[in-house]
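Please read the structure below before turning to the comments.
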Amino acid sequence: MAVELDVFVGNTTIMDEEVYQLWLDGYTVNDAVRARMEGGVLDEFDATADVLLSDTMDQYRTFQMCERLLHSPAKLANQLLFQIPPHRQTMLIERYYAFDDVFVREVLGKKLSKGTKKDLDDISAKTGVTLKSCRRQFDNFKRIFKVVEELKGPLVENIRQHFLLSDKLARDYAAIVFFANNRFETGKKKLQYITFQDFAFCAGQLINNWTVGAVGEGLCKTKNNMVEDMDVDLDKEFLQELKELKVLITDKDLLDQHKSLVCTALRGKTKAFNEMEANFKNLSRGLVNIATKLTNTKDVRDFFIDLVEKFIEPCRSDRWTAADVKLYLTHYTNSAHILDTFKHQVVWDRYMGVIKSCIFKMYHD
Amino acid sequence: MPGKLKAKIVAGRHLPVMDRASDLTDAFVEVKFGNTTFKTDVCPKSLNPQWNSEWFKFEVDDEDLQDEPLQITVLDHDTYSANDAIGKVYIDIDPLLCTEAASIISGWFPIYDTIHGIRGEINVLVKVELFNDLNRFRQSSCGVKFFCTTSIPYSYRAVMVHGFVEELVVNEDPEYQWIDRIRTPRASNEARQRLISLMSGELQRKIGLKVLEMGGNAVVGYLQCFDLEGESGLVVRAIGTACTLEKFSSGSASITCPHPSTAPPSNACNSPKDGKELVFGEELPLSSGPPTPFRALPSSSSSPPPFSPSKPCSRQSSSSDTDLSLTPKTEEPLSVRRRPGIFLCPSSPILSADTLSLPGSGPAGCGHGSAHRATTPALPFSTQSDSALLRKSVSFTEDLLLAASGMGSGGSAGKEAGPLKTLLRQQTQTTLEQREFPFFTLTSFPPGFLVHVGGVVSARSVKLLDRIHNPDEPETRDAWWEEIRQEIKSHAKALGCHAVVGYSENTSICEEVCILSASGTAAILNPRYMREGCLDVGSIDHRFDDPSPPNCGFCHIPYDELNMPFPAQLAYCYQCRRQKVPDVLFTTIDLPAEAAVTGKGCLIQARLCRLKKKAQGEVNATAISNLLPFMEYELHTQLMNKLKLRSMNALFGLHIQISVGENMLLGLASATGVYLTALPAPGGIQIAGKTPGDLNNEQHVAAIQKRINDAIAKNKELYQINPPELTDEGVGSPIPEPRQRSRIFRSHSESSDELSELDLSHGKKDAFVLEIDDTDAVEDIHSLLTDAPPPAGFHSCSTETMPGIYNWTSGIQMFTSVRVLRLNNTNLTNQGLNKIFTDLCENLLKSFYFKLRSTVPCCLCHLNFTVAVPEEELVQVSVTAVAMTFDKDQNQEKPPEKATTKGGSETEDQLQFPLELSADSSSTSPQPSKISGVAENTIVSTRAVSVDYGSFADRCSTWLELLRLKAHTIRRGSVKTSRRTQSLAHSVSSLEHCSPLPEGRSRSLCSSRSFGVGSVTMVKMTPLSFLPGTRIIKYLGIINMFFIRETTSLREEGGVSGFLHSFIAEVFAMVRAHVAALGGNAVVSYSMKDCVLMENPNKNQAQCLINVSGDAVICVRETDQEQTTNTGQTCGTIDGAT
């Protein structure tokens, strides 16, 4: 006796969220059945393993048939094959595009290419995320990357509209796309402690402040038509302008003046004052050098590693608290405005605003 | 030129990539109707083309409009090679031909390809302009409305019910034509789909003509089936009930009604009390129809003794002529046997199959028959001495039409029978002949319409298929059905009934053997309805002078007590105490609205497998017809046992299917068991050993007896069956004869010491005896006890709704499930097979419960199982059903409604209602302890072996007082509750006034029109005739679709399961799309008629055919204003399904 065929089709497509998650997580049917049994479905409902297997198979088939539609979520809403209430559709899409932070952390900043895809089994082994799930997540990244690559307009908005994702998820994907596009180095050992959410925050900062799209709305309107990836690429003009900041460290007077202004402001406000005073020139040189080198693509990639090496590590070795860092950076930024000979206030603010929030986000254990 | 069909192709979307190079498609569309074809421009390089074509106009006969579908083909333009077809859409334009149905078809249709499935969608607009046609001889029947619904459709009232209409058309199956060898599978499939579409169109048109001839304007309970006879052809046949329907606008009807005398009908739907006066009657004098058989029937029904064949001469001669010409050798036994066969086989609804009486009737039949085969059907009854009761009339026509496949014999047969048949067919056209069969495909009726119900009548016949030589003259098939219907009719007569309700027909075909089956419920319909038509005033007051109260009348026996066609065990009605009722009642109809039911009902299934030797031709057919009576008998015994085990006494919606395979027969009977308050309490099940001396055996018997008794007790509790048996003596109604009385008490004593006293003689036997000496019986008992009850929160039934549940919420989930089992073990025994088959069905049910576990409390309604043996070792079971949620807390909402509407005629008899009500409430929600105490006591008393009669009666009367009091308070209380829910519902619904939105109660089930994101209308589907919580405001036409899907890459599509899963999903999608395009938002009375799956995994191939039908409707949520009246309406719909 063998069950040759066993199907169950509802007019409204029946989908069990628990099974959906197992499917997304890349469980095989048998593993899923086991997981469900351990989950206690059978206890709360009197059923045999056969019933569970049959149900799981049905659901898996349904998901497989739906997967094609989930690749372009807009289709899910106006396709006719499956009748799925809107709120269920939203759930399906949101879950399908959800990803594991551990996994995304591994591929963040890598080229979304076939080569990377081949490494997925290593990543799978390392992160404990099943290979199937890794592939789905990777394909999602790639798919979204490909779609928004060709689109004009704000990145987050594009993602949200084309993939019908929640704002949070759309922002995360924007970060992933942004990282992949600029190929930021995130894999170095020194950067391991930084979580995906930290990076996503930083990406948001960069997108909102350093890209072409970030320039004031009115100004942007005219540029919109010409610039392809307004949110994905950093503003080249801005990067050029950053070179001007070099005076802050090359001009000896300016450097001293800046230091004394900062020190005056800081004195008595922190226990780490001595270290701050001692390290000022070093730190300032570090930050300004990062700024001036950003015209090179290679140095853009190293942006985060530079931040860690040039600023975060020295501070940490001097046992600055997060509050110390914030205090220091605030005064460091503001004091530059008082410098008479320093003419690049706008660029400085645009640069330091992002640096400040990035460092603050990244400054933890 | 009576019609102009206009079509416009707007756009396409999600088209498949047809050009690999560009990853795009150059699509254009061909629009074809009849022989005319139009083309759109090519929309180059787009997967979402915008054609926005002109209006293509077809000027056609309305006859063609009815027959032909509009055929839309989407193609990919190719400059150099032939254009590739992407897929097709067939649009049935019938709904547009009816002024009251849809006026335009507009929407997105899935583009369907028989090889690839759905490939994108196309937006189409279709309109029809009909010109007035005054041609009296026209062949079209535009305007006749068709309904699959087996009750008077909602918002209509039946001015007249004309009766049975049937028609069949035959053709060669394109799959078996020579050309099929040289064409692609796609072309073959499309030819088949198109042909079937044409044939169903033609069939519908022909039926429509018959209806017009009868003076009707609609067909209700339209049931169309395909017989894929393989080599011998393709038969499309349909039956239905012709009616004259009148639409009434629900709100204003009662005010604007022109004739005060007909007021009740017009506001029928507003209040069940005076409504639902669907007047069934003969034609008005102005129509030229001859006198109706109805008028003649009540008088004639009694005149012919049940045993005498009373067929019209012409019929008789024709059928025997067929036999004569085709089977000269067996002519004698055949023609004689068939008639005795009617009662030789247990043709009784209430045949109390006593060991003593049955052998008597058996030989009697044999005497008549004098044929070697004739004795076989009687065999089980004479040899097996257990006293199972057969309550159905069953018969087997074994006339094998041995016309063989030889051209010669077939040809000669045609020649001989030809002229006569033609004559016959012409006669059939006349209204007189039309009324020959007083059959109704309806399953629910307005209160008072059914006077008495006799029992199930059914007939089966095994035929050998031969080639249909002349598709225009399908007499052979006609004659086959004719015979069967005659038999049904005479069975009904034998039961003293003049009509058959809940009538249906089906076939099972394996190779060249075909089993034709028909079944229905013999009944007596209210003669007043018949005679006086819609003009009577009497229809209102009839209920006052009606001898039996309406809520138990239908249970009363229709036949003469002294002259019963079979030995039966009768008792006085437990409600009115005036009329006799049988102890068990089997019917194919839904539970009448007025019926009083104790407790809840449940699904009861009997399953059976019988092995059969492989054989060919006549031998095979003989073997099958020899097996049939045994199967019917065993199925019946199983049903009986299971019914008793659940302590119930009636079956509704009984459907018995016998499927034939090469080496086995499968039998499946499904029904909803209930405890009818009017019928006596069923006795228990007695286990008897054949050798009483054996101590071991005795112990074994005792053990089994205990298990059974426990099961019965448990079931009583589960289904809340606390029969108010105490009213027996308490009410002071005519007390049954002493014997009956003792019987009642005896039934409670099932202790084993009674065993020896067990009297098997007629009249006293109430306990059901099972002998367990043979293995069969052990098997029976085993299967009895292994049937698991549905898990907590679930109910299941095969009828439209579950008796005992009234407060449905709007959550529904329709589903189709198919399971195929491969029997690898070649040396299977009958027992082994039975076990496998039973497990298959049980496991399916368990799967449903599990899958739908999030929707509890819910009821699986209209569980419709279909079995088939597609290949030698395969068993296929397909199920379509709907899960409906209900509100557990308001269990009492309905009964009070009922009670108040019936207020006027409420008598002592109706105390059962409140009583049942209180029993109900006590077990579902914490109620005053006194009542639950009563309920408990009731159980105790029914089971107690020795109850002191005196105190018993005393207590009874006090309880009665108490109950009456409680009933009133409860009634008031719950009316309040229902009001509150109304206002609640109001606050919700007023927001979405008039939009077809269900309340978002159960999220997983709830479907709603999608806002914003989605442009797809949510379409609900249900096999029932109504949608809970909504009101059907318009019927848009019948949906009748046939699809073929084939694959040559089975593995790639996920095996057979993957293949069928996507196909079923596609069929649903196409049904929904058509309904949405008609402007509808739901399908009611949906059913999947056929699901034929053929697979060849070795070749990586599979093919599947699916036929679905239903009624497209627009329904709206019940809004506050109508809510007050509508609660009644819904209830009416629920029980009356009117």
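The values are calculated or read from the model by the stated rules, or taken from the named source; none is laboratory data. Note that the structure is predicted; figures quoted are calculated from it, not measured. Cβ: placed from backbone, ideal geometry, glycine included. Neighbour counts: every protein chain shown.
Miscellaneous remarks
- Of all residues making up the stretch A:24-52, the number that are of a type in the set (Phe, Trp, Tyr) and within 14 Å of chain B (Cβ to nearest Cβ): 1
- Test result for residue B:633, aromatic (Phe, Trp, Tyr) and surrounded by fewer than 24 Cβ atoms within 10 Å (Cβ to Cβ): yes
- Residue within the stretch B:66-76 that is in contact with a helix residue (DSSP H, G or I) (Cβ under 6 Å, 6 or more places away or on another chain) and within 18 Å of residue B:209 (Cα to Cα) present: yes
- Residue A:115 vs. criteria at positive phi and either more than 14 Å from every other protein chain (Cβ to nearest Cβ) or surrounded by 20 or more Cβ atoms within 10 Å (Cβ to Cβ) (or both): no
- Residue-level check: of (1) at positive phi; (2) in contact (Cβ under 8 Å) with a residue 12 or more places away in the chain; (3) not hydroxyl-bearing (Ser, Thr, Tyr), residue A:268 misses just (2).
- Residue B:1103 meets the conditions (1) out of contact with any Lys or Arg (no Cβ under 8 Å at 6 or more places or on another chain); (2) surrounded by 19 or more Cβ atoms within 10 Å (Cβ to Cβ); (3) not aliphatic (A, V, I, L, M) in every case but one. The failed one is (1).
- Looking only at residues of the stretch B:1053-1067 that are more than 7 Å from chain A (Cβ to nearest Cβ) and not charged (D, E, K, R), we find that the one that is farthest from residue B:814 (Cα to Cα) is B:1055.
- Residue match in the stretch B:101-119 (condition: aliphatic (A, V, I, L, M) and within 14 Å of chain A (Cβ to nearest Cβ)): yes
- Scanning the stretch A:73-94 for residues that are within 18 Å of residue B:1062 (Cβ to Cβ) and either of a type in the set (Val, Ile, Thr) or within 9 Å of chain B (Cβ to nearest Cβ) (or both) gives A:75, A:76, A:79, A:80, A:81, A:82, A:83, A:84.
- The residues listed here are B:192, B:157; of these, the one that is in a strand (DSSP E or B), touching a Pro at 6+ places or on another chain (Cβ under 8 Å) and more than 14 Å from chain A (Cβ to nearest Cβ) is B:157.
- Of the residues in the stretch A:76-85, at least one is assigned to a helix (DSSP H, G or I) and either aliphatic (A, V, I, L, M) or modelled with pLDDT of 90 or more (or both).
- Residue, nearest to the other protein chains (Cβ to nearest Cβ), within the stretch B:1038-1052, restricted to residues that are in contact with an Asp or Glu (Cβ under 8 Å, 6 or more places away or on another chain) and of a type in the set (S, T, N, Q): B:1047
- Within the stretch B:3-21, residues that are within 14 Å of chain A (Cβ to nearest Cβ) reach partners that are among the β-branched types (Val, Ile, Thr) and not in a strand (DSSP E or B) with beta carbons closer than 8 Å, at six or more positions or on different chains, in the pairs B:15/B:25; B:16/B:25; B:17/B:25.
- Residue B:186 vs. criteria closer than 25 Å to residue B:73 by Cα and not hydroxyl-bearing (Ser, Thr, Tyr): yes
- Test result for residue B:487, over 14 Å from residue B:558 (Cα atoms), touching a residue at least 60 places away in the same chain (Cβ under 8 Å), touching a helix residue (DSSP H, G or I) at 6+ places or on another chain (Cβ under 6 Å) and not hydrophobic (A, V, I, L, M, F, W, C): no
- Those residues of the stretch A:192-204 which are among the hydrophobic types (A, V, I, L, M, F, W, C) and out of contact with any helix residue (DSSP H, G or I) (no Cβ under 6 Å at 6 or more places or on another chain), in sequence order: A:199
- From the options A:117, A:168, residue that is of a type in the set (Lys, Arg) and at pLDDT 90 or above: A:168
- Answer residue from the stretch B:817-849, given it is hydroxyl-bearing (Ser, Thr, Tyr) and crowded, with 20+ Cβ neighbours inside 10 Å and is farthest from the other protein chains (Cβ to nearest Cβ) among those: B:838
- Selected residue (criterion: surrounded by the most Cβ atoms within 10 Å (Cβ to Cβ)) from residues of the stretch B:1053-1084 that are free of Cβ contacts under 8 Å to residues at least 24 places away in the same chain and part of a loop (DSSP other than H, G, I, E, B): B:1053
- Where a residue in the stretch A:20-44 is under 14 Å from residue A:133 (Cα atoms) and its partner, wherever it lies, is β-branched (Val, Ile, Thr) and part of a loop (DSSP other than H, G, I, E, B), with Cβ under 6 Å and at least six apart: A:26/A:130
- Among the criteria (1) within 11 Å of another protein chain (Cβ to nearest Cβ); (2) in contact (Cβ under 8 Å) with a residue 24 or more places away in the chain, the one residue B:1035 does not fulfil is (1).
- Against the test of being surrounded by fewer than 24 Cβ atoms within 10 Å (Cβ to Cβ), within 22 Å of residue B:788 (Cβ to Cβ) and modelled with pLDDT under 85, the options B:888, B:894 yield a single qualifying residue, B:888.
- Among the residues of the stretch A:240-274, those identified as in a helix (DSSP H, G or I) and out of contact with any helix residue (DSSP H, G or I) (no Cβ under 8 Å at 6 or more places or on another chain) are A:240, A:250, A:252, A:253, A:256, A:257, A:260, A:264, A:274.
- Here residue B:644 fits the description: closer than 27 Å to residue B:575 by Cα and at pLDDT below 90.
- The single condition among (1) in contact with a Lys or Arg (Cβ under 7 Å, 6 or more places away or on another chain); (2) more than 10 Å from chain A (Cβ to nearest Cβ) that residue B:873 does not satisfy is (2).
- Hey, residue A:70 more than 8 Å from chain B (Cβ to nearest Cβ), in contact with a Phe, Trp or Tyr (Cβ under 8 Å, 6 or more places away or on another chain) and modelled with pLDDT under 95 or not: yes
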